[in-house]
1. Can you list the chymotrypsin sites (Phe, Trp or Tyr not before Pro) in the range 221-318 that are in a DSSP coil and have 11 or fewer other beta carbons within 10 angstrom?
2. Using Cβ contacts closer than 10 Å as the measure, can you line up K339, K273 from fewest to most?
3. Three principal axis extents, largest first, for the C-alpha atoms of the range 231-332, in Å?
4. Trypsin sites (Lys or Arg not before Pro) within the range 252-315: which are DSSP loop residues with at most 16 other Cβ atoms inside 10 Å?
5. Hey, fewest Cβ within 10 Å first, where do E241, E42, E336 land in order?
6. Over what distance in Å are the Cα centres of the range 106-123 and the range 37-98 separated?
7. Above 22 angstrom, tally the Cα pairs of the range 19-133 and express them as a % of all pairs, no decimals.
8. Which residue, A54, A163, A234, tops the fluctuation ranking in a GNM of the chain built on C-alpha contacts under 10 Å?
Amino acid sequence: MNPTLLFIRPLLALIAFTALAASAHASKDHPLIGLSLDTLKEERWQHDRDDFVAKAESLGAKVITQSANSDDTRQTTDINALINRGADVIVIVAHNGEALTRAVKAAKQAGIPVIAYDRLILNCDIDLYLTFDNVKVGELQARYVADRLPKDRVGKIVRIYGAPTDNNARLFKQGQDNVLNPLIKSGKIQVVFEDWALDWKPENAKKITNAAITKNGHDIDAMVVSADGIAGGAIQALIEEGLAGKVIVTGQDAELAACRRIIRGTQAMTIYKPLKNLATYAAVAAVDIVRGKKIETTQTLDNGFKKVPSVFQDVLIVDKDNMQATVVADGFQKAEDLK
Ligand code: GAL
């Protein structure tokens, strides 16, 4: 036999086997869902994963979860692995909205639909984007602070944005700007320090807060902080300076640690995003897409490549006064854990 054929035959057999293995899961009754997460370090993403997997499994699907530990290269590898394992649909929480274009392209070339979960993925062909009203999150945080600043003098604030690689962080800032910019312009509020907390890491927020205190001393009325994880880092720095409870601090996600800080008075508020609704919606949508059902959405959002069919769920302010009636009543946090 021709030696080239001798070499090629097993290779062809291998390719055929791989193709078979890849399509082995492509059953409409039991879809294989790939879930690629940026991180599981923050409590919120553990809620998302648990609710998503529970709902998907109740619908007959199997979920393979990957977490990229805030690393773009790793998330690309994770998505490629999900493609190779024969995922029928891939749901992605992007670490970096601009870094996954090629990975999504590879999925689409393999005929796999892609859903962007909570964070938008830019400049590529995603099928669906499911999130919360992120601009409103920022508006509620800033309004909460603006309403509570001293009225007889200029209110001095520090602003800590999230990860610059996360499109949501920009939307939170945009919402905060909508409320704060007119007040800054009219001289009612002064921003004494501001910075982005890389990768949403609490230690980066702590460093920013330390730098703000080094520059301004204790003359700070409030900190508009975009999420609970980084609020925790900022409050740690405030505790060390004897300022905790004296400075109004915002957050987002209604994480257990943040809810406890709110009850103790070191954090003023958080934003509750009913994650179960989003995760459930995403699981149903993922299964429906595989089963060939059309996902109806009333809105779209331009991601630079196309107008992506999108869903924006509503959010709620939580502080000491309504914690029981919101996160506890909803079963998101348990009353006994908040003591
Ligand atoms: C954002 C998300 C927030 C928060 C933050 C840090 O993308 O919308 O809820 O969790 O990431 O993980």
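Each reported figure results from applying straightforward, stated rules to the coordinates on display, with no laboratory input. All values derive from a computational prediction rather than experimental measurement. Using ideal geometry, Cβ is built from the backbone for each residue, glycine included, and neighbour counts are taken over all protein chains shown.
1. Here no chymotrypsin sites (Phe, Trp or Tyr not before Pro) fit, given the DSSP loop and packing criteria.
2. Taking fewest neighbouring Cβ atoms as first place, the list is K339, K273.
3. 57, 34, 19
4. Counting only loop positions with at most 16 other Cβ atoms within 10 Å, the trypsin sites (Lys or Arg not before Pro) in the range 252-315 are R291, K293, K294, K306.
5. E336, E241, E42
6. Centre-to-centre (Cα) distance: 12 Å.
7. Pairs farther apart than 22 Å: 26 percent.
8. A54
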